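Notes for the one structure printed next.
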Amino acid sequence: MPELPEVETIRRGLGKFVLNKKIVRIEQRCEKSYIANGLSAEGAIITGLRRRGKALLIDLDNNVTMMVHLRMTGQLIYRLIEFGASSGKAGLGGQFAAGHPSENFVAELPNGQTRVFFEFENGFLYFNDQRKFGFIKLMPTVEVEQDKFIAELGPEPWAMKDEELLAKCQRHKKAPIKAVLLNQKVIAGLGNIYADEALFYASVHPERQAGSLTPEEVSLILEGARTVMDASINSGGSTMATYVRADGTRGDYLEKFAQVFRREGKPCPRCGEEVVKLRVAGRGTHICPCCQVNK
DNA sequence: CTAGGATCCTGTCAGC
DNA sequence: TGCTGACAGGATCCTA
């Protein structure tokens, strides 16, 4: 679920709570969710929060870095003790919650989806993950760049040149452009939402063979990726910012942001034609059939 | 090498 | 009501 803008929102929001704070205790409730690699984070102080693509990197003062990947359903929820770390709604004023939007944001924690949690002197950080695809992995800070996922990651969208994306489209010339955009080795950070939104921005059909795209179309797609991600980050992670209202009820997250994603049956904001849903690269895919023609 | 499908896991929802 | 299959904001592994 969480894509680059959500992870960036976590990086910024979580920092206010955990930077320079000591991890007093760690409780691991699911074997595969926490990969220690013989290293330890207990007793360490968090010295920095970084992000590469969808990976969050939490640097510690003992030369260890915790790499967090939320995959489909991961969430990080921080609750201050004085606001009620385990009292559900009472904690909303003193918590930071981000990742896959769900009722966990207002639930009693830890709960059945809590895979790991960290106790701080003034609060708790919960790693919840319904499907257990996500993980937290410890590694020496100096070895982060050698981690396979990080090492093979494509550039951040803002650092990428048009020509590089064009070259990669030509290398994956038979694949649908949507599959190429979802490939983290091509470009870092795009997931199912922002791939659909970027293609809508560029008026390109997701099934277009990547090798058939013109340089102009490729430039527009990259511009679209930057634009939709910037918009999301600037609104504080638009996909989850309003998920939980002050009263704890479900908000209209995503609705204000998405032009096509999960809007099948609704009018295209550009031309009014009905948005339709297809399956591309094994993923649910949303397009305006009028604006995005498969040439 | 690339492309495409299965797979990891849990939960929800539509359709019998 | 209870069952079944499809699907889900991700990435890897396997096969052709």
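All of the numbers you see were taken from the coordinates with simple rules; none came from a lab. Keep in mind that what you see is a predicted model, and the values were worked out from it rather than measured. Here the Cβ is made from the backbone with ideal geometry for all residues, glycine too, and neighbour counts use every protein chain on show.
Taking springs between alpha-carbon atoms closer than 10 angstrom, which of A:97, A:151, A:188 fluctuates most in the Gaussian network model of chain A?
Greatest mean-square fluctuation among the candidates belongs to A:151.
What does the helix-only formula give at 222 nm for chain A: each DSSP H stretch with n ≥ 4 adding -39500 (n - 2.57), the total divided by the residues, and the result rounded to the nearest 500 deg cm²/dmol? Don't skip to the end; give the middle numbers.
Working: 7 runs with 70 residues, N = 295.
It lands at -7000 deg cm²/dmol.
Going 7 Å from the Cα of residue A:132 along its beta-carbon direction, which residues of segment A:97-123 have the amide nitrogen within less than 13 Å of the resulting point?
A:113-116
Points 7 angstrom from Cα along the Cβ direction at residue A:108 and residue A:226: gap in nanometres?
4.9
What cysteines in chain A have no other cysteine with a beta carbon less than 4.7 Å from their beta carbon?
For chain A, the answer is A:30, A:169, A:271, A:290, because their Cβ atoms have no other cysteine Cβ under 4.7 Å.
Which residue fluctuates most in the GNM of chain A (Cα springs below 10 Å): A:53, A:123, A:38?
Highest fluctuation of the listed residues: A:38.
If I take R0 = 30 Å and measure r between the Cβ atoms of residue A:183 and residue A:50 in this structure, what FRET efficiency does the formula 1/(1 + (r/R0)^6) give, to the nearest 0.05? Mind dumping the intermediate values first?
Details: r = 22 Å, r/R0 = 0.74.
Efficiency, from the Cβ-Cβ distance: 0.85.
Using a 7 Å offset from Cα along Cα-Cβ at residue A:143, what residues in segment A:9-45 end up with backbone N under 15 Å from the label point?
Under 15 Å, as judged by backbone N against the label point of residue A:143, lie A:35-41 of segment A:9-45.
Measuring from label point to label point, each 7 Å out along Cα→Cβ, what is the residue A:273 to residue A:216 span in nm?
Result for the modelled spin labels: 1.9 nm.
Of the residues A:156, A:223, A:273, which exhibits the maximal mean-square fluctuation in a Gaussian network model of chain A defined by a 10 Å Cα contact cut-off?
Of A:156, A:223, A:273, the Gaussian network model singles out A:273 as fluctuating most.
Cut-off is 10 Å between beta-carbons; in what order do A:260, A:64 appear when sorted fewest neighbours first? Intermediate values should be presented prior to the final figure.
Numbers: A:260 25, A:64 19.
Starting with the residue having the fewest Cβ neighbours, the order is A:64, A:260.
Taking the Cβ of residue A:284 as the center, what net charge do the other residues with Cβ under 14 Å away carry, scoring Lys and Arg +1 and Asp and Glu -1?
Working: positive: A:178, A:262, A:263, A:277, A:279, A:283; negative: A:196, A:197, A:207, A:264.
It works out to a net charge of +2.
Quick one: net charge around residue A:148, please, counting Lys, Arg +1 and Asp, Glu -1 for every other residue with C-beta under 13 Å from its C-beta.
Details: positive: A:52, A:137, A:185; negative: A:143, A:145, A:147, A:152.
Charge balance near residue A:148 sits at -1.
What order do you get for A:102-115, A:199-212 when each peptide is scored by the mean count of other beta carbon atoms within 10 Å, highest first? Intermediate results must be reported in sequence, preceding the final value.
Details: A:102-115: 19.1, A:199-212: 21.1.
Peptide ranking by packing, descending: A:199-212, A:102-115.
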